[in-house]
Amino acid sequence: MRHRLGLLLAVTAVALAASGSAFAFDCIRVSSSYQGLIASTSNSGHWLLFDMTNADNVQANLSNFAGTPLTIDQANCVVEHYAASGLTPYFALGFGVAGGFTNGPGVLAHNNPNEQVLGNVKGIDHIDASPIGGAIFGAAGLCGVTLEPA
């Protein structure tokens, strides 16, 4: 129970802090199947697949956003704390998917005027509005990992 309260507090604090960060332009795709995410991320180069059940993958993926590479112990810690959130363990983080590589910066999720869908864990979410973003930042913080913009 103490760990869940700590996770909730950390997630809330990190979600508020991240809302104005450079991560605000990153979209996450959360509703695809794991196999669908594998197929779509292996060819595009604009989506990074996250498998939050596997410490080796978490170590590799989050090291891209940390000041220093994660240790395997830190990755295991992140896996454990993220799993406690009860959120989907598979999603893809997008880079430049809303025109950032072609016609200037854009935010795919914000093109929808229905703002409540920005964090509903369906389709495309905005990382700072989605509970997934808060869970990642919160788990990282609880494990001594500082995440920075890419």
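Tabulated data
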| item | result |
| --- | --- |
| Residues located in region 34-79, provided they are closer than 20 Å to F95 by Cβ and without any contact (Cβ under 8 Å) to a residue 12 or more places away in the chain | G36, I38, A39, S42, N43, S44, G45, N57, A60, S63, P69 |
| Output for region 35-79, where each listed residue is out of contact with any helix residue (DSSP H, G or I) (no Cβ under 9 Å at 6 or more places or on another chain) and either in a strand (DSSP E or B) or at positive phi (or both) | G45 |
| Residue check, A150 at pLDDT 60 or above and either within 16 Å of A66 (Cα to Cα) or exposed (fewer than 13 other Cβ atoms within 10 Å of the Cβ) (or both) | no |
| Flag if G123 is over 11 Å from the mean Cα position of the chain (by Cα), modelled with pLDDT of 70 or more and within 14 Å of R29 (Cβ to Cβ) | yes |
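The values are calculated or read from the model by the stated rules, or taken from the named source; none is laboratory data. Note that this is a predicted model, so its numbers are computed, not measured. Positions of Cβ are generated from backbone atoms using ideal geometry, with glycine treated the same way; all protein chains shown enter the neighbour counts.
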